[in-house]
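Heads up: the structure comes next, in structure tokens.
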Amino acid sequence: MPGISIRNVTKRFGDLVAANDITLEIEKGEFFTLLGPSGCGKTTLLRCIAGFLDHEQGQISFGDRRVDRIPTHKRGVGMVFQNYAVFPHLSVQDNVKYGLKARKVPAREQEDRARQTLALVRLEGLEDRLPNQLSGGQLQRVAIARALVIEPEVLLMDEPLSNLDAKLRVEMRGEIRLLQQKMGITTIYVTHDQEEALSISDRIAVMEYGIVRQVGKPWEVYVQPKDAFVAGFIGTTNMFDSEVQKSEGDLFVARCGGVSFGLPLSEGVAQGSQVQIALRPEAITICDIADPVPDDHWSLEGKIVRFEYLGSLIKYEVGFSETVTLLVVSYDADPAKIKTVGQRVKLSYPIGRARTFRKDPSQ
């Protein structure tokens with residue numbers, strides 16, 4: 001299976017630039033996800049790769065073979081759509097065989113490959129059923145089997161789980177990942193669901209307004225976001241504007257709403273800089289006022305405003321001023337240690353876990 005090279009690809013719809021000079025290198029056998037909000041250009045880029053859309057500039061290659069000058073059916077692409085796109089009048093078996101018939105594969109081979117692929121997606125025994133006799137998860141397996149049976153060079157998946165309920169989405173994403181790893185097929189997966197992307201991807205490209213903001217492994221884009229958009233879009237984070245007041249040794253001190261925060265030294269940031277701070281709720285420890293704090297941590301004192309007990313964890317909102325409140329996630333859910341509304345507490349966080357971004361003067 002080849003890797004995929006996307007170089008300087010741009011796609012416009014009138015004055016709208018849906019994909020803006022995008023360059024990506026996707027490795028052979030990699031599970032690569034395009035992640036971003038609706039309208040960010042991820043599906044547009046996927047459709048350019050598939051050949052459903054023509055782009056204005058740039059080139060797309062599978063391995064050493066440039067594919068953006070050849071029709072879709074000759075690219076060696078298997079496509080799984082958001083709405084399944086199965087034929088309602090055809091049985092499961094005939095739906096899966098459809099692509100093989102179009103390619104004039106001998107009838108006996110069609111039967112053998114369809115049977116093997118249906119076994120791969122755990123649909124044995126359902127060959128003769130019609131789509132209206134299947135569950136949502138089974139329909140999605142039919143769509144995946146139909147894409148895989150043609151033995152594509154590249155698998156493209158466009159929001160394939162968005163029509164399933166939450167529990168089934170979790171189950172199906174695990175199955176898709178295991179199947180992809182078993183086959184070793186190079187896969188590009190489109191989703192707006194951050195948890196989904198983090199759980200199944202080898203690498204993620206985070207997109208906004210047709211631009212790739214960051215590419216990295218799931219833990220890289222989560223823990224080390226390159227800009228405020230990525231920090232705010234992926235997962236839950238505390239984000240607020242502040243001004244750098246001074247430097248103290250190997251850290252900066254910034255103030256927001258009368259509250260001081262310790263920040264790691266950051267290139268381009270100096271006294272007087274307007275910055276955005278991003279701090280993950282799980283990076284913050286909540287404790288009693290008298291508890292000691294490690295030397296590499298920053299601490300501040302506040303009051304519990306609200307809490308949610310969720311069994312395996314507790315979410316706290318801690319207030320420090322009229323304008324500054326931090327969300328804290330504690331995995332110590334021992335009922336004897338629960339902090340109550342109105343209680344004064346100490347928060348601490350590793351200074352290195354705080355992320356600082358220069359604030360755009362136009363904002």
(message) Applying a 10 Å radius around every beta-carbon, put 17-24, 332-339 in order of their mean neighbour count, most first.
(response) 17-24, 332-339
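Give me the net charge of residue 210's neighbourhood, meaning all other residues with Cβ under 15 Å from the Cβ of residue 210; Lys, Arg count +1, Asp, Glu -1. Intermediate values should be presented prior to the final figure.
Details: positive: 11, 12, 42, 47, 213; negative: 15, 21, 56, 208.
Here the charged neighbours net out to +1.
Could you sort 116-127, 94-105 so that the peptide with the highest average Cβ count within 10 Å comes first and the rest follow in order? Intermediate values should be presented prior to the final figure.
Details: 116-127: 15.9, 94-105: 17.6.
Ranking, from highest mean packing down: 94-105, 116-127.
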(request) Starting from the Cα of residue 101, draw a straight line to each of the aspartates and glutamates and keep only those under 17 Å, dropping any in the same chain fewer than 8 residues away. (result) 109, 111, 112, 127, 151
(message) For the ranges 59-67, 230-238, what's the packing order if you count other beta-carbon atoms within 10 Å of each residue, average per peptide, and put the highest first?
(response) 230-238, 59-67
(message) Cut-off 10 angstrom, C-alpha nodes, Gaussian network model of the chain. Which of 341, 190, 328 fluctuates the most?
(response) 341
(request) Give the distance, in whole Å, between the Cα centre of the range 149-170 and the Cα centre of the range 278-343. (result) 38 Å
(request) Could you sort out which of 182/217; 28/217; 74/217; 42/182 sit more than 22 Å apart by Cα distance in this structure? (result) 74/217; 42/182
(request) Multiply the residue separation of residue 108 and residue 133 by 0.36 nm, subtract the distance between their alpha-carbon atoms, and state the gained length in nm to one decimal. (result) 6.4 nm
(message) With the cut-off at 1.5 for a/c, could you classify the range 294-348 from its C-alpha gyration tensor as rounded, prolate or oblate?
(response) oblate
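Taking the Cβ of residue 243 as the centre, find all other residues whose Cβ is under 10 Å away and add up their charges (Lys, Arg: +1; Asp, Glu: -1). Display every interim value, and only then the final one.
Values: positive: 255, 359; negative: 241.
Summing Lys and Arg as +1 and Asp and Glu as -1 gives +1.
Based on the alpha-carbon gyration tensor of the range 75-157 and its eigenvalue square roots a ≥ b ≥ c, which shape applies: rounded if a/c is under 1.5, prolate if not and a/b is larger than b/c, or oblate?
Values: a/c = 1.59, a/b = 1.16, b/c = 1.38.
Oblate is the answer for the range 75-157, as a/c is 1.5 or above yet b/c matches or exceeds a/b.
Can you compute the helix-only [θ] at 222 nm over the chain? Use -39500 (n - 2.57) per DSSP H run of at least 4 residues, normalise by all residues, nearest 500 deg cm²/dmol.
Details: 8 runs with 84 residues, N = 363.
When only DSSP H runs of four or more count, the value is -7000 deg cm²/dmol.
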(request) Return P(r) of the range 238-358 (all Cα-Cα pairs; 5 Å bins starting at 0; whole %; ordered from short to long distances). (result) 2, 11, 22, 24, 18, 12, 7, 3, 1, 0
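When Lys and Arg each count +1 and Asp and Glu each count -1, what net charge do the other residues less than 15 Å away from residue 197, Cβ to Cβ, add up to?
Working: positive: 42, 169, 173, 177, 203, 213, 217; negative: 30, 158, 159, 193, 195, 196, 202, 208, 220.
With Lys, Arg at +1 and Asp, Glu at -1, the neighbours total -2.
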(message) If I take the Cα coordinates of the range 159-238 and project them onto the principal axes, what are the three extents in Å, biggest first?
(response) 34, 27, 23
(request) Starting at the first residue of the range 320-329, write each ³J(HN,Hα) from the Karplus equation 6.51 cos²θ - 1.76 cosθ + 1.60 with θ = phi - 60°, in whole Hz, x for Gly and Pro. (result) 10, 7, 5, 10, 10, 9, 10, 8, 10, 10
(message) 7 Å from Cα along Cα→Cβ at both residue 181 and residue 211: what's the point-to-point distance in nm?
(response) 3.6 nm
(message) Run the numbers for residue 124 and residue 333: contour at 0.36 nm per residue of separation, minus the present Cα-Cα distance, in nm.
(response) 70.9 nm
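For the chain, compute the orientation-averaged projected area of the C-alpha convex hull (one quarter of its surface), in nm². List each step's numbers first, then the result.
Numbers: hull surface 90.5 nm².
Convex hull of Cα atoms, orientation-averaged projection: 22.6 nm².
Coordinate-derived values only; no laboratory data. In this text, all values refer to a predicted model and were calculated from it rather than measured experimentally. All Cβ positions, glycine included, derive from the backbone under ideal geometry; neighbour counts span all protein chains shown.
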